[in-house]
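One structure is given below, encoded as structure tokens.
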Amino acid sequence: GFDGPAETIHAVHFAADGKSLLGLTESAAVVQVDARTGAKSDVSAAPGQGFTPAALAPDGAAAAGVDERGAVRVWDGKTGEEFGPGRHPPLKRVWLSPDGKTAECVDEGNVVRPWDVATGKPGPTRKLPPTTGPWAWQRAAGRAAVVSGDEASAVEVVDTRTAKSLLRVPVPADKGEATFDLSAADPDRLAVAWQGRAAVMDVPTGRTLRTFDLPDDGPTAAVVFSPDGRLVATPTAGRLLVWETSTGLKRFDLPADPIPQGAHFSPDGRWLAAIGGDGTAVALIDVRKGTVARKLRPPEDGLATAVGFSRDGRRVAVGTTDGALRVFDTRSGESTFAAAGHGEAVNDLAFTADGSKLVSASEDGTALVWDATARVEAKPSGPPPLAGPDEAVKSLADPDAAVAGRGIAYLCDHPTEAAKLLAERVPAPAAVKAADLKRLVADLDGDYPTRTAAAKALREIGGPADAALRAAVESAGSAEVRKTANDLLARRDAPPTSGDELRALRAVEVLEAVGTADARTLLAKWAAGPPGHRLTTEAAAAVGRLAPRSPPESP
């Protein structure tokens, strides 16, 4: 006999030749002990920290342990390489390369873990700056924003390649925890928010470029840049606000109770998904209209924790607390795919650029790759189908976005009829003569019937009347004219409410979605309308977005 090694050894047994003993140490490393002398030699280490030893195969070819999350892990006893999908510390974020071949996950220790999407083979890891709170990472520029200082007293932007501090923003001690984001479009832009205030800052100079006043009665759950950097979303106490970074003006303000956990823009900037504070639903917001298009429900028994959009914005994936996920069609709100595979909450989701694969990162320390082309047949539910294209076009003017969504979905499924009917039912805006505008502005100083009719006409003319209205605000002698002109200009910046405006904007959405030759022709016609008209502006934007895409082939 002999005294054993200093550390306790578990699952001890003789090797096949009887000359040595095999076992697992307290850290679940495989060791071999000479049966005559007691000399210990290490064979392999466990694939990570925090393992409790469990079992060792008789020949030492396989070892098992239980990790700190209670999961049983099995690995090669001779090499230490884990069998099956390896588990890391909880994975918080996932990014995909433009070609979809490589993924990068960031774990809770801010270690970047790259791997091959097709094979799962890992690449060399690297470390981001340590932080005790939230963080944001601008991968292209190699910059990270982190919480720093004693008791999270500042937000700091750091160059992750040189560890150089680029900007430090003090956080008021009485304003709660700060949230922040780095713009994907411009690495020199930092958005930071705390209770009562948000700001966009220039990283090289530290200048505050824009400030936004937030409700002072609660925390700000997040601050998020749109992909093009033109908008900032701030989900806060009871509200979801979206701001223009160029003007500092509020684009729209939606009720949000309870406070959303966070907000996520689609890559094309068209949609904004806000996870409800209780996790029971995800609000899908049409950024162009400033309205909630539909509510998406996560799989049963789970609460929403993560959102990821496809590159074209036509699908959105929602992950849950119980490791399940569901993919929705953003146009119809229908669930197209549902699955479960993780043992714990899904923390992030990302589609490949071609939309063929979906990668999910989880609290259980694994990332999974899904076939995003799979589709489950939707169960018939909800209201009865629309009677036909006439009803679909009529529904586009409905103030209820859910009703309009059914019409949009119908027309997208019938592209030939859609282009023909929308050309007939949505009139192209006509140019207005300067003399007519001048007369209408002068009529704003008339008696009640005259000024009411003039205001209605100017409201219908839209953007082309803005210059004349601004001139009236600056130089009109009548206080009544100045007030009415100001009101008309303010209404122009507000989300549309009239049926005709709603129908026109949703018609642009339909035509852009179908993208046929007839649809493009009609959009080009509308885009050539009077400058400043809402339909002209929206159609021109749609034409620009469609330019890189090829028209679909005729069925």
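Here are the numbers for this structure:
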item: Sole exception among (1) without any contact (Cβ under 8 Å) to a residue 60 or more places away in the chain; (2) touching a helix residue (DSSP H, G or I) at 6+ places or on another chain (Cβ under 9 Å); (3) closer than 20 Å to Ala541 by Cβ; (4) not polar (S, T, N, Q) for Asp286, by number; result: (1)
item: Test: residue in region 60-70 that is free of Cβ contacts under 8 Å to residues at least 24 places away in the same chain, buried (at least 16 other Cβ atoms within 10 Å of the Cβ) and more than 41 Å from the chain's Cα centre (by Cα); result: yes
item: Qualifying positions in region 213-260 - in a loop (DSSP other than H, G, I, E, B), of a type in the set (A, V, I, L, M) and in contact with a Lys or Arg (Cβ under 8 Å, 6 or more places away or on another chain); result: Leu214, Ala256
item: Complete set of residues in region 378-421 that are in a helix (DSSP H, G or I), charged (D, E, K, R) and at pLDDT 85 or above; result: Asp390, Glu391, Lys394, Glu417, Lys420
item: Residue satisfying condition, being out of contact with any Cys (no Cβ under 8 Å at 6 or more places or on another chain), over 25 Å from Leu167 (Cβ atoms) and of a type in the set (Phe, Trp, Tyr), within set Phe212, Phe225, Phe265, Phe252; result: Phe252
item: The one condition in (1) open to solvent by less than 20 Å² (accessible area, probe 1.4 Å); (2) within 23 Å of Val359 (Cα to Cα); (3) touching a Gly at 6+ places or on another chain (Cβ under 8 Å); (4) outside any strand (DSSP E or B) that Ala28 fails to fulfil; result: (2)
item: Spans of strands (runs of 3 or more DSSP E) in region 109-178 with at least 3 residues touching a strand residue (DSSP E or B) at 6+ places or on another chain (Cβ under 7 Å), surrounded by 13 or more Cβ atoms within 10 Å (Cβ to Cβ) and modelled with pLDDT of 85 or more; result: 111-116, 143-148, 154-159, 164-170
item: Pairs, first over 16 Å from Gly407 (Cβ atoms) and free of Cβ contacts under 8 Å to residues at least 24 places away in the same chain in region 419-432, second surrounded by fewer than 17 Cβ atoms within 10 Å (Cβ to Cβ) and among the charged types (D, E, K, R), C-beta under 7 Å, six or more apart; result: none
item: Residue check, Arg87 assigned to a strand (DSSP E or B), in contact with a strand residue (DSSP E or B) (Cβ under 7 Å, 6 or more places away or on another chain), under 25 Å from Ser360 (Cβ atoms) and at pLDDT below 90; result: no
item: Scope region 395-433; condition over 23 Å from Asp329 (Cβ atoms) and open to solvent by less than 80 Å² (accessible area, probe 1.4 Å); matching residues; result: Ala423, Val426, Ala428, Pro429, Ala430, Val432
item: Odd one out for Arg73, checked against (1) outside any strand (DSSP E or B); (2) basic (Lys, Arg); (3) open to solvent by less than 40 Å² (accessible area, probe 1.4 Å); result: (1)
item: The one condition in (1) surrounded by 18 or more Cβ atoms within 10 Å (Cβ to Cβ); (2) on the phi < 0 side of the Ramachandran plot; (3) in a loop (DSSP other than H, G, I, E, B); (4) not hydroxyl-bearing (Ser, Thr, Tyr) that Phe2 fails to fulfil; result: (1)
item: Strands (runs of 3 or more DSSP E) contained in region 264-373 and holding at least 3 residues open to solvent by less than 20 Å² (accessible area, probe 1.4 Å); result: 271-275, 282-286, 304-309, 315-320, 324-329, 346-351, 357-362
item: Tabulated pairs, region 509-538, first closer than 16 Å to Ala419 by Cβ, second assigned to a helix (DSSP H, G or I) and of a type outside the set (A, V, I, L, M, F, W, C), C-beta under 6 angstrom, 6+ apart or interchain; result: Val514/Pro415; Thr516/Pro415
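This table checks each residue for (1) in contact with a Pro (Cβ under 6 Å, 6 or more places away or on another chain); (2) closer than 25 Å to Thr352 by Cβ; (3) among the charged types (D, E, K, R).
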{"site": "Ala11", "(1), (2), (3)": "no, no, no"}
{"site": "Ala54", "(1), (2), (3)": "no, no, no"}
{"site": "Ala57", "(1), (2), (3)": "no, no, no"}
{"site": "Leu91", "(1), (2), (3)": "no, yes, no"}
{"site": "Ala103", "(1), (2), (3)": "no, yes, no"}
{"site": "Asp116", "(1), (2), (3)": "no, yes, yes"}
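The values are calculated or read from the model by the stated rules, or taken from the named source; none is laboratory data. Here the structure is a predicted model, which means the values were calculated and not measured. Using ideal geometry, Cβ is built from the backbone for each residue, glycine included, and neighbour counts are taken over all protein chains shown. Accessible surface areas use protein heavy atoms only, side chains included; no ligands, DNA or RNA. Shrake-Rupley method; radii C 1.70, N 1.55, O 1.52, S 1.80 Å.
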